[in-house]
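Colleague: Pasting in a structure now, in structure tokens, and then I'll have a few things to ask.
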Amino acid sequence: MLPRSLAAALLLSLPAAAAAPATKDPWWSLLPIPPPTPLPANPVDHFIRAALAPTPPAPPADPRTLIRRLSYDLTGLPPSHAETADFISAFNTNPDAATAALADRLLASPQYGERWARHWLDAVHYGDTHGYDKDQPRPNAWPYRDYVIRALNSDKPYARFVSEQLAGDALFPDSRDGIEALGFISAGPWDLIGHAEVPEDKTDGKIARHLDRDDMVTNAMSTFTSLTVHCAQCHDHKFDPVSAEDYYSLQAVFAAVDRADRPYDSDPATAATRRALTSEESSLKSREANLIAPALPRGADSLAALDKLIADSRQPAASLAAQAGFHATISDSQASPKWVQIDLARPTAFTTTILHPCHDDFAGIGDGFGFPPRFKVEASNDPDFKQDVVTIADHSAADFPNPKITAVSFNSKTTARFVRVTATTLAHRQKDYIFALAELEILDAAGHNLAAGAPVSSLDSVEAAPRWRRSNLTDRWYPGADAAALAAPPASIANLEKARLLIVESLIGPAAAAELTTTRSRLAELTAQLNTLPPPSRVYCGTVHHGSGTFTGTGPNGGEPRPIHVLSRGDVRRPGPPATPGAILAVKSLPGRFSIPPDAPEGARRAALANWITDPANPLTWRSIVNRVWQHHFGRGLVDTPGDFGRMGGLPSHPALLDWLAADFRDHGGSLKRLHRILVTSHTYRQSSSHFNPDAASSDPENRLLWRMNRRKLEAEAVRDSLLAVSGLLNPAMGGPAFQDFVVLHPEHSPHYEYQLADLANPALHRRSIYRFLVRSKPQPWMATLDCADPSLLVDRRTQTITPLQALAQLNNQLTFVASSHFASTLDSLPGSLSDKIREAFLRTLQRDPSPDELATTAAYAKTHGLANTCRVLLNLNEFNFAD
């Protein structure tokens with residue numbers, strides 16, 4: 001897959017592709033699913049053996065192999081020796097009953113959800129960082145991961161599972177799951193620079209947001225329907241019946257959605273209390289605003305200044321230090337003048353103007369970050385600086401030495417309302433140019449800072465709170481300032497609020513002032529009650545922006561859907577006709593466009609898409625999920641392209657079986673656990689993988705007809721978790737923030753995730769791999785070597801390789817040393833001879849006794865190299881790393 005930045009460039013540069021519309025013939029995946037017919041036996045065996053005949057199936061796997069296969073498939077962990085012995089005993093009495101009971105036990109275990117959540121998170125490209133250049137962490141992404149685990153363990157009906165992830169806040173507004181599930185929308189990579197540092201009305205900003213919506217559309221349609229609709233963003237799909245109008249109708253569904261941390265209450269009672277209090281609070285604030293409204297035209301300047309001072313005074317000292325200052329938008333030309341100015345509210349006499357440089361470690365710049373080499377400082381009573389302009393300082397003719405962290409002061413005895421700093425030449429950053437200032441102070445003759453809290457305007461700016469925003473220029477904070485001294489005591493805040501109230505009361509009259517006092521008294525009571533509630537939880541998810549300036553990464557849409565147009569050749573500079581919310585027209589049993597009232601909340605669009613996808617008449621949805629589940633049990637889907645059911649994807653090997661399972665799954669409430677039971681209790685699943693039939697191998701070398709079971713290499717997570725489980729180190733704690741098996745260096749901009757610095761003996765790092773913090777830009781080296789999924793990509797099917805490097809990495813990985821040492825210590829603590837301890841090691845790792853030759857060879861090795869190295873060898877055996 002191309003990097004998004006390169007893809008964006010190609011969208012704007014490639015010539016129009018020759019039109020080659022997809023054929024109109026019905027495609028198998030779009031045809032209705034026929035109703036399932038009653039079958040005399042397990043449906044898997046019925047259809048598989050009918051296609052396989054006259055070739056006989058392989059004989060059944062032995063019970064030890066079967067319990068390992070089932071345990072890894074359903075929980076991702078090996079069975080214990082005791083569990084294996086019990087199953088073998090039951091299996092020898094009644095194989096069918098023993099297998100069914102084992103499947104039920106494993107499906108009921110909490111580890112089932114942990115195992116199958118990993119498959120789901122692969123498909124939706126979940127990660128704990130943004131990706132792209134800066135790859136900043138997402139500390140609140142994990143509630144979505146926990147939601148998936150919880151939903152799978154509770155066997156949540158699949159239609160509800162899908163709907164919550166697309167529109168849980170709209171369809172199930174009072175539920176915790178309805179909010180946490182929205183992490184699906186934001187699961188993929190996000191371009192911090194393209195959103196936070198580039199205005200939405202600029203071309204690059206439009207491209208960033210177009211690609212962001214494309215990620216949402218692609219994730220939804222690929223995951224839930226196995227269609228590649230994103231191929232239609234430049235022209236009608238060349239192979240499948242998906243038009244460009246279809247694609248942009250899907251983009252319109254997500255037109256209001258951005259990505260951010262969303263507050264919510266995980267406790268239903270707390271959520272209900274907060275809703276009631278905030279509802280009353282909202283009503284009272286509306287009343288307060290109506291009472292104050294008559295005063296605003298006459299007291300706007302004074303009230304605005306006091307509001308800013310009050311807000312700044314309430315700001316914690318620690319948060320001030322996080323504010324770097326003002327930052328103009330990035331330019332690719334050094335000769336692109338940028339300006340920023342402050343408004344003193346009225347013509348005011350002042351004597352000194354001080355520019356405070358920024359400090360920022362980006363690109364190793366540090367002190368003096370963004371300070372312009374050429375600039376001028378001017379004052380005027382005209383906000384446009386077209387007349388009566390007084391020059392305070394002019395350094396536009398020659399380069400001014402970078403002051404680093406030293407304030408630059410100018411004498412400026414004048415009277416003016418506006419003070420402007422213009423960067424006539426921008427500062428060089430890396431491959432671009434910038435203008436940044438930490439603070440602008442305007443001092444009167446007594447040394448008072450007249451600019452504190454003053455309104456700031458600029459040609460443009462990066463609004464990435466709290467570090468960069470216009471208001472930071474007059475917040476009194478700059479490198480070297482005493483943050484604690486800037487924090488006003490409560491008495492000062494009370495005085496400011498009293499002054500504000502007096503101004504308002506003098507302007508609205510005594511009757512309204514009395515009502516205002518009563519209203520504010522009740523508001524204070526509500527605030528006190530709200531403050532007694534537990535702080536809300538937060539989840540990084542798809543949400544909408546209702547505020548301004550502090551919601552990183554959004555444009556000024558105010559929570560309203562942005563206008564979406566069909567783009568000519570996918571070029572944001574060439575918008576065509578407007579697009580209305582919808583899906584695709586190719587599913588003939590369902591409307592392809594949604595009937596949504598113009599005044600409906602934005603969530604209605606996502607709810608309509610959720611209802612379209614989960615409609616029983618939508619054949620794509622039910623075939624898609626059944627095929628995904630089949631793939632993870634048999635090693636290959638009935639359709640071997642699980643993310644593409646179009647003409648460029650594979651054809652089903654057993655179409656009647658796929659349709660029977662899809663219809664049965666849909667008609668039985670979308671129960672995933674029921675589907676698992678059908679598959680894993682079949683004789684097809686229980687076949688041996690080691691049986692060899694020369695005739696079958698010749699006619700079906702890829703085993704598409706399943707004449708035997710497929711032997712499968714364990715995924716990276718299953719290997720790691722098994723290593724911890726067998727050694728006795730596995731920490732079974734479920735849920736909560738991810739553990740970080742790395743140390744973060746330089747977290748300010750582009751964090752360096754250093755895995756080699758982590759202490760892998762730390763028990764906090766011994767949780768299951770599903771709880772590992774997933775970094776997009778720098779994967780964990782050992783896990784990557786074992787073909788771990790790339791969280792930047794939609795991974796429907798993992799790459800499977802077998803290389804010498806994998807064996808070397810597993811043998812010499814630091815976690816293997818830690819686990820082997822602990823494993824050996826545990827064995828050493830047991831009574832008995834060395835041979836007894838080796839037998840115990842075999843039972844724990846392979847669930848069987850060693851053969852006499854194995855015992856002799858291993859004992860000789862242990863005497864020479866020690867028990868810890870012996871454990872390392874056992875943990876690196878093929879038998880340990882494969883499910884037969």
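No lab work stands behind these numbers, since they all come straight from the coordinates. Bear in mind that the values here come from a model prediction, so they are computed numbers and not experimental data. Because the Cβ atoms are built from the backbone with ideal geometry, glycine has one as well, and the counts that use them run over all protein chains shown.
Colleague: Of Ser727, Ser506, Ser80, how do they rank once you tally other Cβ atoms within 10 Å and put the fewest first?
Modeller: Final ranking by Cβ density, sparse to dense: Ser506, Ser80, Ser727.
Colleague: Step through the residues of segment 475-480 one at a time and calculate ³J(HN,Hα) from phi using the Karplus curve (6.51 cos²θ - 1.76 cosθ + 1.60, θ = phi - 60°), rounding each to whole Hz and writing x for Gly and Pro.
Modeller: Those phi angles translate into 8, 6, 10, 7, x, x Hz.
Colleague: Taking the 0 to 90 degree range and rounding to the nearest ten, how far is the long axis of helix 43-52 tilted relative to the main principal axis of the chain, both from C-alpha atoms?
Modeller: 60
Colleague: For Ile770, what is the net charge nearby, where nearby means another residue's Cβ is under 9 Å from its Cβ and Lys, Arg count +1, Asp, Glu -1?
Modeller: +3
Colleague: Could you go through segment 330-338 in sequence order and give the Karplus-derived ³J(HN,Hα) for each residue, using 6.51 cos²θ - 1.76 cosθ + 1.60 with θ = phi - 60°, rounded to whole Hz, and x for Gly and Pro?
Modeller: 6, 10, 8, 10, 6, 8, 10, x, 10
Colleague: Express the relative contact order of the chain as a whole percentage, based on alpha carbon pairs under 8 Å and six or more residues apart in sequence. All intermediate terms of the calculation are to be shown ahead of the outcome.
Modeller: Numbers: 1587 pairs, mean separation 179.5, N = 884.
Over the chain, the number comes to 20 percent.
Colleague: Scan around Val743 for amide H atoms under 5 Å from its own, H built in the peptide plane at 1.01 Å from N, and keep only partners 5 or more places away or cross-chain.
Modeller: Glu754, Tyr755, Leu757, Ala758
Colleague: Still on this structure, please answer the following. Between Glu702 and Ala465, what's the calculated FRET efficiency when r is the beta-carbon distance and R0 is 35 Å? Round to 0.05.
Modeller: Working: r = 55 Å, r/R0 = 1.56.
Given R0 = 35 Å and the Cβ-Cβ separation, E is 0.05.
Colleague: Tell me, in nm to one decimal, what length is gained between Ala407 and Leu808 on full extension, where the rule is 0.36 nm per residue of separation less the Cα-Cα distance? Before the final figure, lay out the partial values.
Modeller: Numbers: separation 401, 0.36 × 401 = 144.36 nm, distance 5.65 nm.
Roughly 138.7 nm would be gained on extension.
Colleague: Here is a further query. In debye to the nearest 20, how big a dipole does segment 341-465 give about its Cα centre with +1 on each Lys and Arg Cβ and -1 on each Asp and Glu Cβ? Each step should come with its number before you reach the end.
Modeller: Working: 10 positive and 16 negative charges, 48 e Å.
So the dipole magnitude of segment 341-465 works out to roughly 220 debye.
Colleague: Output the relative contact order of segment 20-154, whole-number percent, from Cα pairs under 8 angstrom with separation of 6+ residues. Write out the running numbers ahead of the final one.
Modeller: Values: 79 pairs, mean separation 25.2, N = 135.
This gives 19 percent for segment 20-154.
Colleague: Shifting gears a bit: Local charge sum around Arg720 (other residues, Cβ-Cβ under 11 Å, Lys/Arg +1, Asp/Glu -1)?
Modeller: Details: positive: Arg767, Arg768, Arg772; negative: Glu715, Glu717, Asp721, Asp741.
The answer is -1.
Colleague: What does the net charge come to around Gln847 if you take all other residues with beta carbon closer than 9 Å to its beta carbon, with K and R at +1 and D and E at -1? All intermediate terms of the calculation are to be shown ahead of the outcome.
Modeller: Working: positive: Arg64, Arg68, Arg844, Arg848; negative: Glu83.
Its environment carries a net charge of +3.
Colleague: While we're on this one: Of Leu723, Thr845, Pro36, which is farthest on the positive side of the dipole of the chain, counting Cα position, with +1 on Lys and Arg Cβ, -1 on Asp and Glu Cβ, and the Cα centre as origin?
Modeller: Comparing the listed Cα positions along the dipole, Pro36 ranks first.
Colleague: For segment 149-213 and segment 424-472, write down the distance between their C-alpha centroids in whole Å.
Modeller: Taking the Cα centre of each part, segment 149-213 and segment 424-472 sit 34 Å apart.
Colleague: Take the residue pairs Lys134/Lys713; Lys156/Lys238; Lys404/Lys431; Lys206/Lys285; Lys338/Lys778 and return only those whose Cα atoms are more than 26 Å apart. Working shown, then result.
Modeller: On the way: Lys134/Lys713 34 Å; Lys156/Lys238 37 Å; Lys404/Lys431 21 Å; Lys206/Lys285 35 Å; Lys338/Lys778 36 Å.
Too far apart for the 26 Å limit: Lys134/Lys713; Lys156/Lys238; Lys206/Lys285; Lys338/Lys778.
Colleague: Relative contact order for segment 760-870: what is it in percent, counting Cα pairs under 8 Å that are at least 6 residues apart? Present the calculation step by step, with values, prior to reporting the outcome.
Modeller: On the way: 58 pairs, mean separation 22.2, N = 111.
Once normalised by length, the contact order is 20 percent.
Colleague: Go through segment 566-640 and name the trypsin sites (Lys or Arg not before Pro) that are in a DSSP coil and have 16 or fewer other Cβ atoms within 10 Å of their Cβ. Let's see the in-between values first.
Modeller: On the way: sites: Arg569, Arg573, Lys588, Arg593, Arg605, Arg606, Arg623, Arg628, Arg636; in loops: Arg573, Lys588, Arg636.
Those satisfying the criteria are Arg573, Lys588.
Colleague: Let me ask something additional. For segment 572-665, give the magnitude of the charge dipole about the Cα centre (Cβ charges: +1 Lys/Arg, -1 Asp/Glu; no others), in debye to the nearest 20. Display every interim value, and only then the final one.
Modeller: On the way: 10 positive and 7 negative charges, 82 e Å.
Once rounded to the nearest 20, the dipole reads 400 debye.
Colleague: Could I ask something else about it? Specify the inter-centroid distance of segment 596-632 and segment 38-111, based on alpha-carbon positions, in whole Å.
Modeller: 33
Colleague: Answer with one residue from Met734, Leu874, Thr93: the one whose Cα lies farthest towards the positive end of the charge dipole of the chain, charges on Cβ with Lys, Arg +1 and Asp, Glu -1.
Modeller: Thr93
Colleague: Also, I was wondering about something else. Taking Cα atoms, how many degrees apart are the long axis of helix 142-153 and the longest axis of the chain, rounded to 10 and kept between 0 and 90?
Modeller: 30
Colleague: Another question about this same structure. Compute the angle between helix 95-108 and the longest alpha-carbon principal axis of the chain, please, reported from 0 to 90 degrees and rounded to the nearest 10.
Modeller: So the helix axis and the longest Cα principal axis differ by about 10 degrees.
Colleague: What is segment 814-883 by shape, rounded, prolate or oblate, if you read a ≥ b ≥ c off the alpha carbon gyration tensor as root eigenvalues and call it rounded for a/c under 1.5, prolate for a/b larger than b/c, and oblate otherwise?
Modeller: Details: a/c = 1.41, a/b = 1.05, b/c = 1.34.
Here segment 814-883 falls in the rounded category.
Colleague: Of (i) 12, 34, 32, 19, 2, 0; (ii) 11, 25, 20, 17, 16, 8, 2, 0; (iii) 13, 38, 32, 15, 3, 0, which one was derived for P(r) over Cα pairs in 20 Å bins from 0, in percent from the structure shown?
Modeller: Correct label, based on the coordinates given: (iii).
Colleague: Figure the gain on full extension for Trp28 and Ser825 (residue separation times 0.36 nm, minus the Cα-Cα span) and round it to one decimal in nm.
Modeller: 281.1 nm
Colleague: On to the next question. Whole-Hz Karplus ³J(HN,Hα) for segment 530-540, in order, using 6.51 cos²θ - 1.76 cosθ + 1.60 and θ = phi - 60°, x for Gly and Pro?
Modeller: 5, 5, 7, 6, x, x, x, 6, 9, 9, 7
Colleague: Here's something else I'd like to know. May I have the pair-distance distribution P(r) for segment 317-486, computed from all Cα-Cα distances with 5 Å bins from 0 and rounded to whole percent?
Modeller: Pairs per bin, as whole percents: 2, 9, 19, 24, 22, 15, 7, 2, 0.
Colleague: Calculate the dipole size of the chain relative to its Cα centre from +1 charges on Lys and Arg beta carbons and -1 charges on Asp and Glu beta carbons; express the result in debye to the nearest 20. Numbers along the way, then the final one.
Modeller: On the way: 86 positive and 96 negative charges, 149 e Å.
Magnitude of the dipole: close to 720 debye.
Colleague: Between Thr801 and Lys588, what is the FRET efficiency for a Förster distance of 45 Å, r being their Cβ-Cβ separation, to the nearest 0.05? If you can, show how the numbers build up before the last one.
Modeller: Values: r = 42 Å, r/R0 = 0.93.
So, using R0 = 45 Å, E works out to roughly 0.60.
Colleague: How large is log10 of I(q)/I(0) for segment 556-614 at q = 0.13, 0.20 Å⁻¹ when the intensity is taken from the Debye formula with one equal scatterer per alpha-carbon?
Modeller: -0.42, -0.90
Colleague: Counting only the backbone N, which residues of segment 828-871 are under 20 Å from the spot 7 Å out from the Cα of Ala82 toward its beta-carbon?
Modeller: What the label zone holds, given the 20 Å backbone N cut-off, is 828-832, 837-849.
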